[in-house]
Each structure stands twice: as C-alpha cells, then as structure tokens.
Amino acid sequence: MGYADGLFDLTDRVVLVTGGSRGLGRQMALAAARCGADVVIASRKLDACQAAAAEIEAETGRSALPHAVHVGRWDELDGLVEAAYGRFGKVDVLVNNAGMSPVYDKQTDVTEKMFDAVVNLNLKGPFRLSALIGERMVAAGRGSIINVSTHGSLRPHPSFIPYAASKAGLNAMTEALAQAFGPTVRVNTLMPGPFLTDIAKAWDFDVANAFGHFALQRAGEPREIVGAALFLMSDASSYTTGSIVRADGGIP
Ligand SMILES: NC(=O)c1ccc[n+]([C@@H]2O[C@H](COP(=O)([O-])OP(=O)(O)OC[C@H]3O[C@@H](n4cnc5c(N)ncnc54)[C@H](OP(=O)(O)O)[C@@H]3O)[C@@H](O)[C@H]2O)c1
C-alpha cells in the first residue's frame, strides 16, 4: 500500500451516509467503499437506497446496507442506528449529508411547515443522529462525524434564509459536539459551494456563467466533493476537529 493509500485507508470501517442514494452523498458513500469501508445508505426512498447499495457492492465488493428513513423525524433515527449496529456492530464515520433548501419568492411565502421541515432535516436530525452515534463512538474509542453544511451559511442571501440559518446552526453544532465527544471522536463541517446535483435543477439562472466570479469560475461536479470527504473520514485528518473544510471553488 502506498503512503497516500495508507493515510486515507478505510478498510473494514463502517461509514453511514444520510442522503447516500443521490448527489454528493452517493459520491461520498462510493468513495468510502472504494477505500475499503462498508457503508450504510440512508434516505427516504428504499428503492433508491437499494439501487445505490447494489451499485456500490458490485463495484467495490464491500457491503452496503440500504435503509429507508426520514432524517427530519426524531423517532425514526433510533431505527437507523439499530439497523447499522445490528448489521455491522459499529459505525466509524457518520456523514450527516441529507439536506434541503426550499425555493420561494418572498419571505411571506415561507410557511411554518416549510420552515420546520428545513430545520428538522438540516439541524434537528443531524443533532439526534450525532447524539445517538457519537456516544457509541466515544464508548468504542474512535469515530468521525461530518456535518455537510453550505457556503450559504457564511454568506446568507434573502432567497434562502431558513436554509442558511439551519446550516449556520449546524456549523455551531459541529464545534460544540467536537468538544462533547473529544478527544477520541472528531466532528467537522464539510462546506460545499454549488455542485451540479439534483439541487441544481431548481436554480433559475444561467449555471454556465453564474460562477465566473469564483476563483475556479465554475460549479463543482459531484465527484469533486470526494477528496475533502475522504480527508475528514480517514486518519488523514487525525488532528482536525471542530473545523470547517470548504470545497467551494473559491467563493470570494
Ligand atoms: N448541491 C449543492 O450545490 C450543495 C451546495 C451546498 C451544500 N449542499 C448540501 O449538500 C448536501 C447534499 O446535497 P445534494 O446536492 O447532494 O442533494 P440531492 O442531490 O438533492 O440529494 C439529497 C439526498 O438526501 C436525501 N434526502 C432528502 N430529504 C431527506 C429526508 N427528509 N430524509 C432522508 N434523506 C433525505 C435524498 O434521498 P430521498 O429523496 O430518497 O430522501 C438524497 O439522497 C445537502 O445537505 C445540501 O444542503 C449542496
């Protein structure tokens, strides 16, 4: 095994990715399996989780457990944790990736239901999952939790206030959980800029030209999240906790 392979090796570790069926989550789950991990693919639609899990197993030879769960529903999260520990006996890496950003025209179009749904999925669910799994990680003596935030949490815009606020809360949660679960368990924020996943289908602007002011002058391809994610999952980031790692194309 080469030096870099050893640094990023995840052989026999278990990586749970919420929202692992599509987009950035699917890329991160596949990358983890390529580095030797068994994975748990969790999202609302079981058939989508099963399809992603089958593809990952076929390509990597690792085990992939599909599990249907609504991450915004507190009471469903125990079932996800039990399923993961029941199948693999441990979770080494939790990626709180599932998230949503509703589109609206003006602030009064934001309903209470919409606001609650955003906070439930982007903030409340990640807290509860981190609590349930983080304490087990501490008991096991190691672990890494990755909270997937957004550049918009640092640069909020009127068009996505509930989203930005929920993800800013997630950033704050990262720092506090790093204190709660250290020194054995690390907790970090992975902060993407714009990536061309399904989320991009709702963008009503010219994607080809919208990011010309970024240092890299473009949006990211989903596979480009993988390097930063593997860094945070693996021992390569052994002295990194409570931090924000940005993969945003150099937003000014
Ligand atoms: N793409 C971007 O430009 C961008 C930029 C900054 C930050 N991010 C963040 O990156 C993360 C992933 O984004 P993405 O672009 O990959 O999203 P995506 O392509 O829309 O995929 C979202 C994933 O989350 C799952 N999901 C959605 N609601 C869920 C729920 N209530 N419970 C469980 N799973 C749920 C979806 O599967 P089901 O439909 O089966 O539930 C899917 O697997 C999000 O947290 C997002 O805020 C993305």
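Tabulated data
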| item | result |
| --- | --- |
| Whether the range 67-149 is rounded, prolate or oblate, judged on the alpha carbon gyration tensor where a/c under 1.5 counts as rounded | prolate |
| Sorted largest first, extent of the chain alpha carbons per principal axis (Å) | 48, 41, 37 |
| Of K90/K167; K124/K167; K124/K201, those spanning more than 21 Å from alpha-carbon to alpha-carbon | K90/K167; K124/K201 |
| Nearest-20 debye value, the chain charge dipole, Cβ charges on Lys, Arg, Asp, Glu | 220 |
| Ratio of the Cα radius of gyration of the range 21-99 to 2.2 N^0.38 Å, where N counts its residues | 0.99 |
| Whole-number percent relative contact order across the chain, with pairs defined as alpha carbons under 8 Å at least 6 apart | 19 |
| Dipole axis of the range 124-205 (+1 Lys, Arg; -1 Asp, Glu on Cβ), positive-most option in P194, G182, F127 | G182 |
| For the range 138-212 and the range 3-58, distance of Cα centres in Å | 19 |
| Positive-end residue, the chain charge dipole about Cα centroid, Cβ charges, pick of Q50, M173, I145 | M173 |
| Low-density loop cleavage sites - chymotrypsin sites (Phe, Trp or Tyr not before Pro) in the range 192-233, where at most 10 other Cβ are within 10 Å (DSSP) | F205 |
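Rule-based calculations on the coordinates, nothing more; no lab input. In this text, all values refer to a predicted model and were calculated from it rather than measured experimentally. Virtual Cβ from ideal backbone geometry, glycine too; neighbours counted across all protein chains shown.
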